[in-house]
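All remarks here apply to the structure that follows.
The values are calculated or read from the model by the stated rules, or taken from the named source; none is laboratory data. Computed from a prediction, not measured in an experiment: that's the story for all the values here. Note that each Cβ is placed from the backbone with ideal geometry, even for glycine, and that neighbours are counted across all protein chains shown.
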């Protein structure tokens, strides 16, 4: 029998910090042992400790982050990330999903009501966020992961419910621009987009969710709630969302039919 994964042993925020730490270490060409020797004022730490930091399984000290920032030539980045991600990290973690998205090699999502945030136009986002310029800018800035060169963008598979295409958000002009942007992003290969015909009885209607797969195949999920988003790394939670994703995907149109449906909605409803 496969060992059961412990609940709450990995904090997604610590994992985000650890991944950046590992990239900086690898950029220097150093092993975990080489980094470990430089820690603790030259007294060193065990290489297993470095592994635990990189895998998000322990909270390092700020002194450790400061020392590593110096040796890894991070120019203060590790200290910034420590204050942002590590200092107040808890198990399990509620946290901002934007710290996980940049670390993903694959993103999978189901969106029943609104266009996914990574694909929203500024005007569409502004309509949702009530014109909050800072919030709109932050949302649009997240989208840079889809056009970056190094590391490559994540493979992004999106199941977008039909209702989101016909649900007025802002003005008809905003909707037309938004749907045309969806078509463009799909046609240029940035995303794999499938439309899910509107049905009220399937399990996906419980709400929007995302699953991120990281480089070591760790999976972290994010589900929308009225009060705040819920970030999950527990294996049972991930398995439930994966089953839901499988069911919803079985109902979705093929990609070519999905794009034709979006074009039809643009012509008949938003033009």
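Below is a table of values for the structure above.
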read-out: Qualifying residue in the range 34-46 (condition: under 27 Å from residue 231 (Cα atoms) and not assigned by TED's automatic domain parsing to the domain that holds residue 150); value: no
read-out: Given (1) within 22 Å of the chain's Cα centre (by Cα); (2) buried (at least 17 other Cβ atoms within 10 Å of the Cβ), number of the condition residue 169 does not satisfy; value: (1)
read-out: Hey, residue 182 assigned to a strand (DSSP E or B), touching a residue at least 40 places away in the same chain (Cβ under 8 Å) and within 19 Å of the chain's Cα centre (by Cα) or not; value: no
read-out: Qualifying residue in the range 130-144 (condition: surrounded by 16 or more Cβ atoms within 10 Å (Cβ to Cβ) and either without any contact (Cβ under 8 Å) to a residue 12 or more places away in the chain or in contact with a strand residue (DSSP E or B) (Cβ under 9 Å, 6 or more places away or on another chain) (or both)); value: no
read-out: Residue 163 surrounded by 13 or more Cβ atoms within 10 Å (Cβ to Cβ), out of contact with any helix residue (DSSP H, G or I) (no Cβ under 7 Å at 6 or more places or on another chain) and under 14 Å from residue 116 (Cα atoms); value: yes
read-out: Among the candidates 185, 246, 261, residue that is touching a helix residue (DSSP H, G or I) at 6+ places or on another chain (Cβ under 7 Å) and either at negative phi or surrounded by fewer than 19 Cβ atoms within 10 Å (Cβ to Cβ) (or both); value: 185
read-out: Residue within the range 102-124 that is touching a helix residue (DSSP H, G or I) at 6+ places or on another chain (Cβ under 7 Å), farther than 27 Å from residue 198 by Cα and part of a helix (DSSP H, G or I) present; value: yes
read-out: Qualifying positions in the range 247-262 - part of a helix (DSSP H, G or I) and either under 13 Å from residue 194 (Cβ atoms) or touching a residue at least 60 places away in the same chain (Cβ under 8 Å) (or both); value: 248, 249, 250, 251, 255, 256, 257, 258, 259, 260, 261, 262
read-out: Residue 73, sole failed condition from (1) in a helix (DSSP H, G or I); (2) farther than 20 Å from residue 210 by Cα; value: (1)
read-out: Qualifying residue in the range 13-27 (condition: over 17 Å from residue 79 (Cβ atoms), assigned to a loop (DSSP other than H, G, I, E, B) and at pLDDT 85 or above); value: no
